[in-house]
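Okay, so here's the structure we're looking at.
The values are calculated or read from the model by the stated rules, or taken from the named source; none is laboratory data. Source: prediction; values computed, not measured. We place every Cβ from the backbone using ideal geometry, glycine too, and count neighbours over all the protein chains shown. For accessibility, only protein heavy atoms count, side chains too; no ligands or nucleic acids. Shrake-Rupley method; radii C 1.70, N 1.55, O 1.52, S 1.80 Å.
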Amino acid sequence: MPNSIITISICTYKRAYLIETINSVIKSINKTNEFVTINIIDNDEYQSAYQLLTDVPKAENYTIQYFSEKTKGVVNARNRAIQSVNTKWLIFVDDDEVVEENWFSKYLEIINNKKLSFGAVIGPVFTTYPSFVDTDIKNSGIHDRKHYGHLERIFHGATGNCLIDMDVIKKFKVLFSKEFNETGGEDSDFFERLSKHVPILWNNESIVYEMLTEERATHNWALNRLYLNGKNYGTRKILREGKKYALYLFLSTCVKLSYHAVKYITFFSNTAKRFRVKCEIYRDFGRINSCISIFR
């Protein structure tokens, strides 16, 4: 078996779509001559993903390793993923995504570009919308992520599509923080801390797609998600910057809330834009709540 320098890790929890993710990753690997290790980190104590792997074909250009992480929580699963890597490079992709055929080769181009200096690379995740999705939700863009220029330096990231230099992780001992095991925001915190040590670059060419599920395609889900995002953002910032930051965040968010309230009235006739601003208002309230919680 050839030596692998790249591990692709997929953390999963009771998701049958995992097979679609793995098949798309294999298809992308097959467009190259690279030998790759694929690690599946199963966070289901009943090991539901193990049976799914019996349907994955074997080949000479990749090997699949299965790990059971019975301690619940995405932080535990992702830290297990990091601890299970024996290669120079780690790529994360989520179990509800599919990757483009040239996704892996575009990461290889960055790895092999000796002119670049980085500790991590973040790629785009495009949301796809089934026909049942409400027009206002789709047109609001609330599920669409922000993109940047190719190889532009950024200071944050997410694990849905990323490349990490494991030498950097070992040097600076960066892991996902257990403070965010149940709340979310652990990947934002991870990359913000990592960016203080090494550059993080944006890779505009390794594209993945995530289909919006029926569960997430509701107004209430989006509003609750934005509120939690705001609360997690505030909690994370105050945790890292100190309690003094809470006052600044509270005042600056109150200003934003006033601005968003005016916009909400202004967009009375445009229901998609109005819904987007409503989501931003919920996010503002989440940030304010995180500030108030500190002093209770």
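Here are a few things to note about the model shown:
- Residue within the range 244-256 that is under 25 Å from Lys138 (Cα atoms) and open to solvent by 80 Å² or more (accessible area, probe 1.4 Å) present: yes
- Answer residue from the range 3-15, given it is open to solvent by 30 Å² or more (accessible area, probe 1.4 Å) and at pLDDT 95 or above and is nearest to Asn61 (Cα to Cα) among those: Ile5
- The range 276-296, subset basic (Lys, Arg) and part of a helix (DSSP H, G or I), residue surrounded by the fewest Cβ atoms within 10 Å (Cβ to Cβ): Lys278
- Residues in the range 21-46 that are open to solvent by 20 Å² or more (accessible area, probe 1.4 Å) and either among the basic types (Lys, Arg) or within 18 Å of the chain's Cα centre (by Cα) (or both): Lys27, Lys31.
- Enumeration of residues in the range 203-225 that are aliphatic (A, V, I, L, M) and open to solvent by less than 20 Å² (accessible area, probe 1.4 Å): Val208, Leu212, Ala217, Ala222, Leu223
- Looking across Ala59, Ala49, Ala77, one residue alone is open to solvent by less than 50 Å² (accessible area, probe 1.4 Å), hydrophobic (A, V, I, L, M, F, W, C) and in a loop (DSSP other than H, G, I, E, B). It is Ala59.
- Output for the range 167-209, where each listed residue is aromatic (Phe, Trp, Tyr) and at pLDDT 95 or above: Phe172, Phe176, Phe190, Phe191, Trp202, Tyr209
- Scanning the range 260-275 for residues that are part of a helix (DSSP H, G or I) and open to solvent by 80 Å² or more (accessible area, probe 1.4 Å) yields a count of 4.
- Beta carbons closer than 7 Å, at least 6 apart along the sequence or on distinct chains, never pair a first residue in the range 18-45 that is closer than 21 Å to Lys70 by Cβ and assigned to a helix (DSSP H, G or I) with a second that is open to solvent by 20 Å² or more (accessible area, probe 1.4 Å) and not hydrophobic (A, V, I, L, M, F, W, C).
- Those strands (runs of 3 or more DSSP E) lying entirely in the range 123-219 with at least 3 residues touching a residue at least 60 places away in the same chain (Cβ under 8 Å) and touching a Leu at 6+ places or on another chain (Cβ under 9 Å): 161-165, 200-202
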